1. Please compute the per residue accessible area over the range 47-103 with all protein chains in place, 1.4 Å probe, rounded to a whole number of Å².
2. With the other protein chains left in place, how much accessible area per residue, in square angstrom, belongs to the range 109-153 at a 1.4 angstrom probe?
3. Tell me, what % of the accessible area of the range 170-222 is carbon and sulfur with a 1.4 angstrom probe?
4. Tell me, what is the percent relative contact order of the chain, built from C-alpha pairs under 8 Å that lie six or more residues apart?
5. Just to make sure I understand: if all protein chains stay in place, what is the order of 163, 216 by accessible area at 1.4 Å, largest first?
6. Considering only lysines 8 or more places apart in sequence, or on different chains, count the pairs in the chain whose C-alpha atoms sit under 19 Å apart.
7. For a quick check, take a GNM of the chain with Cα springs below 10 Å and name the residue from 222, 282, 199 with the largest mean-square fluctuation.
8. Before rounding to the nearest 500, sum -39500 (n - 2.57) across all DSSP H runs of length at least 4 in the chain and divide by the residue total; then give [θ] at 222 nm in deg cm²/dmol.
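The values are calculated or read from the model by the stated rules, or taken from the named source; none is laboratory data. Everything quoted here is computed from the prediction, not taken from an experiment. SASA here: full protein model, heavy atoms, side chains in, ligands and nucleic acids out. Shrake-Rupley method; radii C 1.70, N 1.55, O 1.52, S 1.80 Å.
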Amino acid sequence: MVAVASGIYINNTSLLAPHQDGKPVLLAHRGIAQRFDERDLDNDTCTAARMLPPAHDYLENTLRSMRASFEAGADVVELDVHPTTDGEFAVFHDWTLDCRTDGNGVTRAQTMAKLKTLDIGYGYTADGGKTFPFRGKGVGMMPALSEVFAAFPDKKLLINVKSRDPDEGERLAGVLNALSAERRRTIMVYGGNEPIEVIRRLTPDVRTVSRGAIRSCLTRYIGYGWTGLVPAACRNAIVLVPINAAPWLWGWPDRLLARMNAVNSAVFALGPYSGGEFSTGIDTAEIFARLPQGYSGGIWTNEIEAIAKIAGSSRD
């Protein structure tokens with residue numbers, strides 16, 4: 001028993017694993033965005049109507065926000081997409097237009113040309129609707145995915161598919177397969193199980209994850225990762241690790257990072273997860289401090305400016 005326990009320890013302890021040198025990989029969720037009250041959220045919550053007092057004038061999922069995110073230190077920018085009726089993909093978070101814009105209806109039921117006429121800053125308010133500080137300032141700012149590719153030809157992107165429609169996965173796979181193989185290696189995709197399964201099959205060189213896949217990846221790795229085997233769901237994938245679940249993963253952090261890197265997967269640490277549909281990021285100095293000293297994996301954040309400064313200071 002002692003020999004078996006010693007073997008498991010040696011095979012999995014990060015203390016005996018080669019340290020992964022290098023700086024953390026910073027992922028800016030939605031770019032630089034307006035923050036909102038995160039309490040009691042569900043999929044239908046209008047977050048623009050729960051905006052906190054603004055500290056800047058950037059709007060999420062815009063080219064301006066993405067550019068500022070990269071300039072602030074982001075290595076990857078996350079963005080949300082919806083297919084349009086005229087064959088494009090609109091970069092926009094919400095399933096419907098009513099919350100954030102001066103339009104209405106389901107986002108995917110519109111043409112890209114129509115979406116370009118909308119004011120995407122219309123619905124933001126931090127005082128219950130008394131004032132709308134970005135109203136009139138977001139007209140025409142909803143980009144198409146093709147515009148993002150053109151504006152950032154060599155930058156790393158994480159695309160969020162908002163539906164569970166396998167046809168959307170096929171359409172997005174067609175867009176990705178029209179890119180060069182080198183460009184595809186800089187793009188990752190996550191979202192609903194059905195479209196991600198299609199993308200995973202049609203564009204095997206693009207790293208992906210779905211809600212079902214990440215649950216399978218983490219639970220199976222906790223179950224038998226002590227053997228050194230990496231579950232299929234963790235391969236060629238984005239491995240999202242809540243900071244409160246990380247200590248349960250065999251070999252966290254360095255041995256885990258090495259194992260995932262060996263199967264072409266990227267690990268990103270999230271904020272604490274307590275159930276539900278909403279995940280927090282590594283957004284404060286207190287949560288950042290819960291990462292291991294010298295951590296060089298990915299960090300998912302909603303506060304790229306603050307976390308980039310902290311991460312830079314921690315490397316000095």
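1. Details: 2030 Å² over 57 residues.
Spelled out: the 1.4 Å probe surface of the range 47-103, per residue, equals 36 Å².
2. Values: 2020 Å² over 45 residues.
Accessible area per residue: 45 Å².
3. After summing per-atom areas, the C and S share lands at 52 percent.
4. Working: 643 pairs, mean separation 62.5, N = 316.
It rounds to 20 percent for the chain.
5. 216, 163
6. Step by step, the pairs that qualify in the chain add up to 5.
7. Looking only at 222, 282, 199, the largest GNM fluctuation is found for 222.
8. Working: 11 runs with 97 residues, N = 316.
Value at 222 nm, helices only, nearest 500: -8500 deg cm²/dmol.
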